[in-house]
Amino acid sequence: MVSNRILTTGNIDGEGRILCLSAEDGSLLWSIHPANETKEYKHQKGNGGRGTPTIDGDYGYVIGGGGDLTCFKIDSGSVVWSRHLKDDFGGSVPGWGYSESPLVDSDRLIVTPGGSQGAVAALNKQTGEVIWRSEGLTDKAHYCSAVVVESQGVRQIIQFTGGVGGKRDAEVKARVVGLDAETGHLLWSYDKSGNQTANVATPIFRSDLVFTSSAYGTGGGLVRLTKNETGFSAEEKYFEKKMANHHGGIVLVDGYMYGFGNGGLICMNFETGEIAWQARSVSKGSLLYAEGHLYCYGEGREVALVEANPKEYTEKGRFRVADGEYPCWAHPVIAGGRLYLRDMATLTSYDIKAK
């Protein structure tokens, strides 16, 4: 949300759309269809866009499920420029559609088309022109959004890829990679936390430590980055199979990670991997952190308010939203004293300001 406006994606009359709604009453202010794809992205588990728009000043950037990339003005919805991750960059649409939210890094926009021309691309955010491609990194795109960090004086883009090859015959396993933010050069990689089906959770970085996790019987691992003559090494410090995050993400609060893994919600010490507690909570889902609390949104549509407390699981309240056709994979959002919960066809706003 920006300037009292909510930006999201959806479908109207069979067309994929970028939507701008009033935060006051949810009314539609404008809608545009991406320049490269007017038809809705279709999938047997639900049609429409997957990734959220990224906001940078007066501009927004969003990737559609089929690969359309659009830069638009927030006030009017007018398209500034557009590209296509498949048609323009030789990418291949992942099985559940492109789900990445673009990353703004200074004057650059980082996206992950995947493929033989370079898995990750840095574009001029004002024009869409290519600045660099990750030459030699030909991994498939998966479902993760990249982050930018600085480790030992080197600015890096960290991203989760789908590897090279099929589920069972991968030549290169799905992996986490660190790229030089200036050139796209591959600095390091780590593949133990990846799987060949779906890698979704955004990496967590702090003090040269990177934690990544995925589901499908995998788990999560922490590596320490060390600079050397050829780039960086990524030395594993621990691996924990219980912290197998499927799609809901993990948050780091005061040295502890909170995320849904095997068996429900897990609180884990970031540096040691020691599990402080586990609770079924809302089963499996997504979460965010705000003012000492976790807002947990289960894929079965249970919503719980939980203390971010490493000593014990303490739930403050719970409610249920209306049933839908498919499990809910959307992430909760808090802005302006309101909690926003998205489902396939609905967006609901809740007043959570202190009374």
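The values are calculated or read from the model by the stated rules, or taken from the named source; none is laboratory data. Because the structure is predicted, anything quoted here is derived from the model rather than measured. Note that we place each Cβ from the backbone using ideal geometry, even for glycine, and neighbour counts take in every protein chain shown.
Here are some notes:
- Flag if TYR289 is in a strand (DSSP E or B) and surrounded by 23 or more Cβ atoms within 10 Å (Cβ to Cβ): no
- Pairs linking a residue in segment 201-215 that is touching a residue at least 40 places away in the same chain (Cβ under 8 Å) to a residue that is surrounded by fewer than 20 Cβ atoms within 10 Å (Cβ to Cβ) and polar (S, T, N, Q), with Cβ atoms under 8 Å and 6 or more positions apart or on different chains, are ASP208/GLN152; ASP208/THR226.
- Single match in GLY273, GLY324 (criterion: assigned to a loop (DSSP other than H, G, I, E, B) and modelled with pLDDT under 95): GLY324
- The set of residues in segment 236-270 that are touching a Ser or Thr at 6+ places or on another chain (Cβ under 8 Å), farther than 28 Å from ARG342 by Cα and not in a strand (DSSP E or B) contains only LYS241.
- Subset of segment 86-121 [modelled with pLDDT of 95 or more and of a type in the set (Val, Ile, Thr)]: VAL104, ILE110, VAL111, THR112, VAL120
- Residue within segment 237-255 that is surrounded by 18 or more Cβ atoms within 10 Å (Cβ to Cβ), aromatic (Phe, Trp, Tyr) and at pLDDT 95 or above present: no
- From the options ASP351, ASP343, residue that is of a type in the set (Asp, Glu), within 30 Å of ASN47 (Cα to Cα) and more than 19 Å from the chain's Cα centre (by Cα): ASP351
- Residues of segment 327-355 satisfying the condition of being part of a strand (DSSP E or B) and farther than 30 Å from GLY273 by Cα: ALA335, ARG338, LEU339, TYR340, LEU341, ARG342, LEU347, THR348, SER349, TYR350, ASP351
- Scan of segment 302-325 for residues that are touching a Lys or Arg at 6+ places or on another chain (Cβ under 6 Å) and either touching a residue at least 24 places away in the same chain (Cβ under 8 Å) or buried (at least 19 other Cβ atoms within 10 Å of the Cβ) (or both), ordered by number: ALA304, VAL321
- Among the residues making up segment 332-346, those that are at pLDDT below 95 and under 22 Å from TYR143 (Cα atoms) are ARG342, ASP343, MET344, ALA345.
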